[in-house]
Amino acid sequence: MKNEVVDKKLRIKVGENILSTSIERMNAEFKKLVAENEGSVSQIELDLEGVETIDSQGLNLLIGLYQECKRKQWGFRVVECTETVKWLFTIFKLNDVFGVERVGN
């Protein structure tokens with residue numbers, strides 16, 4: 001997982017499918033990034049470019065990250081996702097919640 005901070009926005013590029021087999025590791029990475037950037041960011045941008053599949057545990061992970069941002073009064077949005085991932089978010093009514101932007105192929 002790559003990340004950078006620009007203009008108080010922590011952009012996290014996931015770069016892999018979000019599946020039950022990787023949830024524990026990803027959750028630990030997200031928690032570490034949130035803790036490391038406490039006080040220096042006001043928004044998380046989750047870059048899902050290249051992510052083709054998100055299973056139910058992956059959705060729960062993203063919802064948990066969104067909720068953590070809300071607790072901290074940070075913004076949260078998804079950028080650079082595929083049509084497939086956008087469709088998944090739409091089915092679960094998360095499209096507007098996650099503020100999905102820049103949908104690619």
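The values are calculated or read from the model by the stated rules, or taken from the named source; none is laboratory data. Please read all numbers here as calculations on a predicted model, not as lab measurements. As a convention, Cβ positions derive from the backbone with ideal geometry for all residues, glycine included, and neighbour counts pool all protein chains shown.
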Over region 8-30, the set of residues touching a residue at least 12 places away in the same chain (Cβ under 8 Å), within 22 Å of Lys72 (Cβ to Cβ) and not in a strand (DSSP E or B) is Lys8, Val14, Ile23, Met26, Asn27, Glu29, Phe30
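A quick yes/no check of all residues on (1) at pLDDT 95 or above; (2) closer than 20 Å to Gly99 by Cα; (3) among the aliphatic types (A, V, I, L, M); (4) touching a Phe, Trp or Tyr at 6+ places or on another chain (Cβ under 9 Å):
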| residue | (1), (2), (3), (4) |
| --- | --- |
| Asp7 | no, yes, no, no |
| Leu10 | yes, yes, yes, yes |
| Ser20 | yes, no, no, no |
| Val41 | yes, yes, yes, yes |
| Asn60 | yes, yes, no, no |
| Gly64 | yes, yes, no, yes |
| Phe76 | yes, yes, no, yes |
Would you check if there is a residue in region 55-72 being among the acidic types (Asp, Glu) and not in a helix (DSSP H, G or I)?
yes
If a residue has to be at negative phi, of a type outside the set (Gly, Ala, Ser) and over 11 Å from the mean Cα position of the chain (by Cα) to count, how many in region 68-94 make the cut?
17
Hey, could you check region 43-58 for residues that are small (Gly, Ala, Ser) and modelled with pLDDT of 95 or more and say which is farthest from Arg71 (Cα to Cα)?
Ser56
Residues of region 73-105 being part of a strand (DSSP E or B) and either farther than 24 Å from Val5 by Cα or of a type outside the set (D, E, K, R) (or both), in sequence order, are Gly75, Phe76, Val78, Val79, Cys81, Val103
Just wondering, is there one or more residues in region 59-79 that are closer than 21 Å to Leu19 by Cβ, of a type in the set (Gly, Ala, Ser) and in contact with a helix residue (DSSP H, G or I) (Cβ under 7 Å, 6 or more places away or on another chain)?
no
What number of residues within region 67-90 satisfy the criterion of being out of contact with any Cys (no Cβ under 9 Å at 6 or more places or on another chain) and under 15 Å from Val14 (Cα atoms)?
7
